[in-house]
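All of the numbers you see were taken from the coordinates with simple rules; none came from a lab. Being a predicted model, the structure only gives us computed values, none of them experimental. Every residue, glycine as well, gets a Cβ built from its backbone with ideal geometry; the counts of neighbours run over all protein chains shown.
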Amino acid sequence: MKNYFTFAIALIISGSLFGQAQKDKSVFKEYEPGYYQNSILKDVHNYNDLQQEKKVDKRFFMDQSGYDLPNKIDLYEQYWHQPTISQGNAGTCWCFSTTSFYESEIYRLTKQKIKLSEIYTVYWEYVEKSKRFVEKRGDSNFDEGSEGNAVARIYKQYGIVPWDVYTGLVEGRKFHSHADMFKEMNDFLQNVKKENSWNMEFVLNTIKDIMNHYIGEPPTSFDYNGKTYTPKEFLADVTKLNMDDYVEILSILQEPYWEQVEYKVPDNWWHSKDYYNVPLDDYMQIIYKAIREGYTMSIGGDVSEAGFLRTTNCALVPTFDIPSEYIDENARQFRFSNKTTTDDHGMHLVGWLSKDNTDWYLIKDSSSGSRNNDEDAPEFGYYFFHEDYVKLKMLGFTIHKDAVKDILKKF
């Protein structure tokens, strides 16, 4: 009886304790792949990869091996310019090349070494593109590209700021990437067109809001060397650039020579007719003379050619394309008319070399194509253009009017 009583008491006590036990808790934990993922699935994926036929991307290029190529920077007579900078994943070569040109112009004229913001210009160019899109009820090209003379137009209207005041790189980004931003803006504008909703204020505010999210809002004033400036004041008082001193030189047979003409390409979306069109021989003579007199230029044309190699960074015209002695304004126009020559890239011509009675030109570049060599090499971010390549494929350039004053007298 005593044992039974003791056993009953024990059961009561243990039941009471069990009823008072602490409740289990739950927790969210990051999932960590286990044996199935790390071993079994890995083997499955490796096997499947081996069964896939690997596609090899083969492209037709000139074989430049065996040539004595002048693809070293120290061979060239060159003029001051800022170090090369990447445009990243953005269609902004027109701005990077021409901004670099104006940086060199500031130094040539004032000896100041000022790094300017490329993306400030890009921001306001998108605003201007959007404005015209509304004005023309959608019948205006809206894309990432533009022309070099857009930079002067934006400077006149909105001024300019130093690079460190407005980089356009947000949240610690190292490289520009505008694909998502452009898609969002373009989708918005296409919807505006579809809905026939042409409210200028609403459209421009929305475009700005999109850009503010992706690349930040540009400043309306800032401090520089202890003084506060607006972008327009900085342009006038610090850079000393007079944007009316810069001209566009073109050489295209389809337009009359010795007249100012429209450059009829999509990137000239505002249909500028400010281009001084000259015969090809005069065009080449301007470059030959100007670069020797200390003038650099922002130059644009086609860089998708068999003689343009990213392994050597050299651009030549192979004989299987056209022999040198046959390169003339007809050959140039033929390629422009059939669209094998396009204005697909803008660069900054900063130096020259005379080799074997031929000119080579040192080209500062912002694209990834010139960056397939050693990042620490002096040549990283540069191309080397044979004069024949310029003659056949480079369509136009921006330059100070003093370099072409004799030419301008003919207009």
### Task
Based on other C-beta atoms within 10 Å, arrange Asp344, Asp244 from fewest to most.
Asp244, Asp344
### Task
Give me Trp124, Trp270, Trp258 ranked fewest to most by other Cβ atoms within 10 Å of their Cβ, as a rough exposure proxy.
Trp258, Trp270, Trp124
### Query
Most exposed first by the Cβ proxy, i.e. fewest other Cβ within 10 Å, how do Phe182, Phe384 rank?
Phe182, Phe384
### Task
Apply the Debye scattering formula to the chain, with a single equal point scatterer on each alpha-carbon and no solvent, then give log10 I(q)/I(0) at q = 0.12, 0.13 Å⁻¹.
-1.04, -1.17
### Query
Say R0 is 35 Å: what FRET efficiency, to the nearest 0.05, do Ser26 and Lys183 get from their beta-carbon distance?
0.30
